Amino acid sequence: MIGVRDAFYSKTKRFCSVSCSRSYSSNSKKASILARLQAPMGTCWGDIEEGVRIELPNSDTNLSTKVYWIAEIIKLAGFKALLRYEGFDNDTSKDFWCNLCIPEVHPVRENMQFPFKKLMRVEVVDKNYLCRTRVALVEQVIGGRLRLVYEDDGLDDFWCHMYSPLIHNIGWSRSIGHRFKRSGGNFFSSAL
């Protein structure tokens with residue numbers, strides 16, 4: 001019977017079905033536990049769902065320093081999530097499980113304002129010749145990470161953080177006398 005108190009579920013008779021009541025109850029318990037633990041993701045737990053991006057340490061690297069990367073939540077199971085690093089698209093071979101309640105995990109705020117925009121030109125250190133810079137285009141901006149493509153080689157892309165010391169405004173190399181590779185392939189050094 002619709003509209004009759006006995007047709008609703010839970011002690012307070014607020015839910016239209018048993019599954020609705022249980023869903024609300026389990027979400028409330030998770031939020032309550034997160035609040036008590038003061039978990040890093042506790043303040044945004046309501047926004048956590050499949051498809052959301054988070055930032056976390058990249059454990060698939062041999063670097064001596066801790067590096068962070070962006071991953072997408074593929075599946076949720078309690079406080080753990082099956083994640084896929086940004087850039088792997090439909091490749092499931094590197095998917096991994098992670099506890100979302102560790103301090104190193106942070107939500108990526110898609111609406112943050114960054115000084116870099118898509119198709120903006122920047123000077124970046126040439127990854128093949130570290131003693132010079134090259135012009136690159138910003139192809140994508142995700143959570144402060146930039147996917148850059150060298151202007152003269154549209155196939156060679158790589159990711160870099162927006163605060164990296166490897167990225168500079170156009171004209172930086174000329175202003176300090178640093179070598180750079182022009183888009184036509186010529187090298188320039190104002191020191192010469």
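Observations on the structure shown:
- In a fully extended conformation the segment linking residue 119 and residue 174 would gain 17.7 nm over its present Cα-Cα distance, using 0.36 nm per residue.
- In this label model, residue 67 and residue 157 are separated by 1.7 nm, measuring between points 7 Å along each Cα→Cβ vector.
- Among the trypsin sites (Lys or Arg not before Pro) in the range 95-179, those placed in a DSSP loop whose Cβ has at most 10 other Cβ atoms within 10 Å are 117.
- Surrounding net charge for residue 74, when Lys and Arg each add one and Asp and Glu each subtract one, Cβ distance under 9 Å: -1
- Pairs over the 28 Å Cα-Cα cut-off, from the set 94/181; 117/181; 118/181; 66/127; 66/94: 94/181.
Here, each number is a calculation from the coordinates, and none is a lab measurement. All values derive from a computational prediction rather than experimental measurement. Neighbour counts are summed over all protein chains in view; Cβ atoms, including those assigned to glycine, are modelled from backbone coordinates with ideal geometry.
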